[in-house]
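Structure, as structure tokens:
The values are calculated or read from the model by the stated rules, or taken from the named source; none is laboratory data. Given the structure is predicted, the values throughout are model-derived calculations rather than measurements. With ideal geometry, Cβ positions are generated from the backbone for all residues, glycine too; neighbour counts draw on all protein chains shown.
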Amino acid sequence: MSSGEIGGFLTPAAEPAYYAKPIARATFNDRLEATGTLACVGRQFHVLVGFFNSRTINEWRTPNSLVLRLYGRGDVFYAYVEYATAKWRAGGDSPGGFATATEPVTGKEQLRGFAARGAPHTWSLTYDPDGNGGGGSLMVTINGERAVCLLDPGHKQDGATFDRFGLLSIPKSYDQGGEVWIDDVSINGRPESFDDDPGWEAVGNRRTYTTDHVRPRFDFGFSPTHFAVGERAGELGGVIFRGDCRYPDRLAYYGDRLETLSLDKPIRAAGKVAMRRGVSDSTVLLGFFHSKKSVAVSPSQASGFPMNFLGIAIEGPSREGFQFYPVYRLADGAEGYSRDPHAPHILPDGQSADWSLAYDPQAAQGAGRLTVTYDRRSVALDLAPRRRESAARFDRFGIVTTWIDGNAQEVYFDDVSYTYRQP
């Protein structure tokens, strides 16, 4: 046991911060393991412990990572096992996470958790490239209790590279912080001594600063930037959190005024897009919507899509990273979306690509079809029969927030053209 340890007070934030040991470059084809002890203090800290890539820390889930996630809740903390590939596709706690218990009030099963308030725990993290029939497996133990994650089919083939092991704050947006300490650490069979400062790499780990990335602070609209690489500087976009239709100040849009459009005639849009950051459990909606009905306050949490919307969604699920696909929700609440695993994937790597949207009212035997194309890859969505008869109307084109809250993306659009009038 060392006379010292590593750790301290960590706060989730959009800006990366870590304290980690550089390691020899490793991939999903290499066995990786680490062991140690840990202790946690604080109500709602959120921390990653494990292997990651120092060049790709931009969001959660963090690409190129094999980690133990610790989430503090006062007297206890919860622990999760998770990973993410080089293509932002992620997984965790499958087929089995840590032990659960029945919540006495609701009767629901939830994680039992581990004692916080400074109680010590032993832990281990092992990635086996040959596990899961060669698909890769990640196992974490705390006090001998085990959680296992099998990489999803195809994820090992995505690839991943790791060059650090250590403590990493959750890179999403500001939240409460807490203390996490680790000791008796061994990395790939080599013990680490903390009798003195080990000289691990320190990035953003001792500073106080102001951040604008606070959920759900919206910051999107016109931007003088040139991220989407349009014809000229100036574009549409910014930091876009999910909205929440239960509160008027948590709904927002930025859109151009249109003559009122309906589903009886064709609707089109096209342009360029660049996604610079994408946190899991986030959504960006671009398309045609209604200036009042799409941002109407409602107690309902039945759907995350706003009423009277026809357009594009950029979101997960996490196992697919981020997809670029068509979605609609009509005036009567009927909705449709295409989360086909083969739908176009967009990476939050800042690369610019062309996109288009085309609604054809005569397709699908007159029911109507919405086709979305990203970087020359297309996916189509047929409206349900007779949905064209809905009273859906659209008088804006642009970005509108969802109706169920969540995290943020940073996305920009440029060279945009769109239907503003129907003959």
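General observations
- Restricting segment 26-58 to residues that are modelled with pLDDT under 95 and either β-branched (Val, Ile, Thr) or touching a Pro at 6+ places or on another chain (Cβ under 6 Å) (or both) leaves a set whose member that is surrounded by the fewest Cβ atoms within 10 Å (Cβ to Cβ) is VAL41.
- Applying the set (1) surrounded by 19 or more Cβ atoms within 10 Å (Cβ to Cβ); (2) over 25 Å from PHE52 (Cβ atoms) to MET275 leaves exactly one unmet item: (2).
- Pairs with Cβ under 7 Å, 6+ apart, first in segment 287-309 and over 18 Å from PHE241 (Cα atoms), second aromatic (Phe, Trp, Tyr): PHE288/PHE394; PHE288/PHE397; HIS290/PHE394; ASN308/PHE289; ASN308/PHE394
- The residues of segment 129-146 that are in contact with a strand residue (DSSP E or B) (Cβ under 6 Å, 6 or more places away or on another chain) and assigned to a helix (DSSP H, G or I) amount to a single one, ASN132.
- Counting only residues that are surrounded by 18 or more Cβ atoms within 10 Å (Cβ to Cβ), assigned to a strand (DSSP E or B) and aromatic (Phe, Trp, Tyr), segment 206-244 holds 2 of them.
- A Cβ distance below 6 Å, combined with a sequence gap of six or more or placement on separate chains, defines the contacts here; from segment 384-399, residues that are at pLDDT 85 or above reach residues that are β-branched (Val, Ile, Thr) in the pairs ARG393/THR260; ASP395/THR260.
- A single entry from ARG69, ARG73 fulfils the requirement of being charged (D, E, K, R), under 23 Å from GLY113 (Cβ atoms) and modelled with pLDDT under 95: ARG73.
- When the criteria are applied in full, LYS293 fails the requirement of being touching a Ser or Thr at 6+ places or on another chain (Cβ under 8 Å) and surrounded by 15 or more Cβ atoms within 10 Å (Cβ to Cβ).
- Residues of segment 173-196 that turn out to be assigned to a loop (DSSP other than H, G, I, E, B) and free of Cβ contacts under 8 Å to residues at least 24 places away in the same chain, as a count: 0
- Out of ASP163, ASP152, sole residue that is touching a Lys or Arg at 6+ places or on another chain (Cβ under 8 Å), crowded, with 17+ Cβ neighbours inside 10 Å and not in a strand (DSSP E or B): ASP152
- Selection status of GLU179, charged (D, E, K, R) and within 24 Å of ARG55 (Cα to Cα): no
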